[in-house]
Amino acid sequence: MPPTWTTEQILALAPDVSSMESSKDLADPDLWQTLGCNDTAAWGEYQGSAKAPYQVQIELSKPTFKCSCPSRKFPCKHGLGLFLLLANYPDEFKQKEPPPWVTDWLASQARRRGRRRPQPVGADVPARPERVVDPKARAKRAMQREARVAAGLQELELYLCDLVRNGLAAVQSQPYSFWEAHARRLVDAQAPSVARELRKIAKIPSSGAGWPGRLLERLSRLYLLIEAFKRIETLPPDMQADIRTAIGWTQNQNELMTAAGVRDRWLVLGQSVEEEDRLRVQRTWLWGRESKRPALVLHFAPIEQPVPDTGLVAGTCLDAELVFFPSAYPLRALVKERHAAPAPIDALPGFPTIAAATAAYAAALARNPWLERFPMPLQSVVLMRDGEGWSLYDSEGRTLSLVQRLQNGWLLLALSGGHPIDVCGEWDGDHFRLLGAMVEGRFVVP
């Protein structure tokens, strides 16, 4: 089977650095007892510390991994090592007929995803029993939450006005508890997203030069949310959805999946994983090749666990249907249906200049002022070392400083040779996080 994944894309799946490094050592055909693959899966047997060899298998369409080793990491080093082998030594995979332990696993994967044979036209399909919900009880709970949120936001309004009235300079000497106490009251008021935003704001006074302006901007967005909630019934439905999302209401994803989707060839621009409120939050950014619209797929996991494998790998293109959450600027989406296995991308889309990218961000904010992140692919920018960090320069001389220390910064600089390259990343209004780059037809994860 010809390789369809680059080494960088495979290593980007590693749950941590140690797994990444260990998998490279396992990408040696001589270490494996058996190796096989077909159009659906790849498999191999590796003799580890146990008496019986580990059975390692990969479903290639997503990809999805399984290994009989005791590791709790996902994917483990054996799965990554097998995938690296497939990408670099495809001729070593002699077996073409999968053994029973592979076919049984593939069948269980198909059942889990509900892949059943289509019913004949006119056949009677038993309806799934639906949970009976008392509409009166649901309406009562909704009214109770509305009242709690309204009371919590009213208290927050007084809190914000006092901050401004007393002067922003006064908050720099306040302890973290000054913010945390009120954030907890917002959680009690069932406004968890507002509480999370207040906890982020608490870090701004100690963030260095320019903090008063950044603080005032974030406080203003909170105040705008309070005023918007007061008038929510008079606003269009899409704007109401944005307000409720910014406060902490959730969308029923089962209901959302019944809505019409957008089919396109979606380019997976990159992923970022951060820790927020004892959760791991993975953001995967996509871009429709034909629709030229961005999409954000979110996944969550407890802080002590890796984010579940979603099959969305940076640097690949996925023929799929996405359904978008209601919004005045629809961005967050769910993958409703995949129509083909992902394939590597050969080019990145992007804004021609940094000014064009920030103008698009401003237009998005005009429609949804509470956007937290914005995808920002850029074409023909130069990566340069800037003191202790890294920056991007465009053809007009504008610059963006990168927020992170690049693990592969020098490698990326060497590959580009100081020439313009296409990159993609996410922008939060203050900082740019580089997530991927295209160098000589090769997608590189920084």
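The values are calculated or read from the model by the stated rules, or taken from the named source; none is laboratory data. Only a predicted model underlies this, so the values are computations on that prediction, with no experimental measurement involved. Glycine also receives a Cβ, built like all others from the backbone with ideal geometry; neighbour counts cover every protein chain displayed.
What to note about this one:
- Annotation note: Cβ proximity below 9 Å between a residue of the range 188-214 that is within 20 Å of D242 (Cα to Cα) and a residue that is surrounded by fewer than 17 Cβ atoms within 10 Å (Cβ to Cβ) and small (G, A, S) (sequence gap 6+ or interchain) occurs for A189/A150; A189/A151.
- From the options G429, G417, residue that is at pLDDT 85 or above, in contact with a helix residue (DSSP H, G or I) (Cβ under 8 Å, 6 or more places away or on another chain) and surrounded by fewer than 20 Cβ atoms within 10 Å (Cβ to Cβ): G429
- Residue in the range 220-229 that is of a type in the set (D, E) and assigned by TED's automatic domain parsing to the domain that holds L168 present: yes
- If the condition is being over 20 Å from L219 (Cα atoms) and out of contact with any helix residue (DSSP H, G or I) (no Cβ under 8 Å at 6 or more places or on another chain), then the range 358-376 contributes T358, A359, A360, A363, P375.
- Top-ranked residue of the range 317-347 - restricted to ones that are under 30 Å from S395 (Cα atoms) and at pLDDT below 90, ranked as surrounded by the most Cβ atoms within 10 Å (Cβ to Cβ): I345
- For the range 63-77, filtering for residues that are in a loop (DSSP other than H, G, I, E, B) and out of contact with any Pro (no Cβ under 8 Å at 6 or more places or on another chain) leaves 7.
- When the test is whether a residue is surrounded by 22 or more Cβ atoms within 10 Å (Cβ to Cβ), out of contact with any helix residue (DSSP H, G or I) (no Cβ under 8 Å at 6 or more places or on another chain), touching a residue at least 40 places away in the same chain (Cβ under 8 Å) and not charged (D, E, K, R), L86 passes it.
- Taking the range 184-260 as the region of interest, the helices (runs of 4 or more DSSP H) fully inside it that hold 3 or more residues being surrounded by 14 or more Cβ atoms within 10 Å (Cβ to Cβ) and of a type in the set (A, V, I, L, M) are 192-201, 211-230, 237-247.
- Taking the numbered list (1) over 30 Å from N408 (Cα atoms); (2) over 28 Å from the mean Cα position of the chain (by Cα) in turn, W32 passes all entries but (1).
- Screening L35 against (1) hydrophobic (A, V, I, L, M, F, W, C); (2) part of a loop (DSSP other than H, G, I, E, B); (3) crowded, with 20+ Cβ neighbours inside 10 Å leaves a single unmet condition, (2).
- Among the residues of the range 20-32, the ones that are more than 17 Å from S71 (Cβ to Cβ) and exposed (fewer than 13 other Cβ atoms within 10 Å of the Cβ) come to 1 in all.
- Condition broken by G114, with the remaining ones in (1) at pLDDT 80 or above; (2) of a type outside the set (A, V, I, L, M, F, W, C); (3) under 26 Å from V307 (Cβ atoms); (4) exposed (fewer than 14 other Cβ atoms within 10 Å of the Cβ) satisfied: (1)
- In summary, Y54 fulfils each of the numbered conditions (1) out of contact with any Ser or Thr (no Cβ under 6 Å at 6 or more places or on another chain); (2) in contact (Cβ under 8 Å) with a residue 24 or more places away in the chain with the single exception of condition (1).
- When the range 385-405 is filtered for residues that are loosely packed, with under 13 Cβ neighbours inside 10 Å and farther than 18 Å from W427 by Cα, the ones remaining, listed by number, are R385, G387, E388, E396, G397.
- Checking the stated criteria, S49 turns out to be assigned to a loop (DSSP other than H, G, I, E, B), out of contact with any helix residue (DSSP H, G or I) (no Cβ under 8 Å at 6 or more places or on another chain) and free of Cβ contacts under 8 Å to residues at least 12 places away in the same chain.
- Matching residues, the range 285-340, being in a strand (DSSP E or B), of a type outside the set (V, I, T) and within 22 Å of L60 (Cβ to Cβ): L286, H299, C317, L318, D319, A320, E321, L322, K336, E337, R338
- If the condition is being farther than 30 Å from L298 by Cα and in contact with a Gly (Cβ under 8 Å, 6 or more places away or on another chain), then the range 385-422 contributes only R385.
- Identity of the residue in the range 261-278, in a loop (DSSP other than H, G, I, E, B) and surrounded by fewer than 17 Cβ atoms within 10 Å (Cβ to Cβ), that ends up modelled with the highest pLDDT: R278
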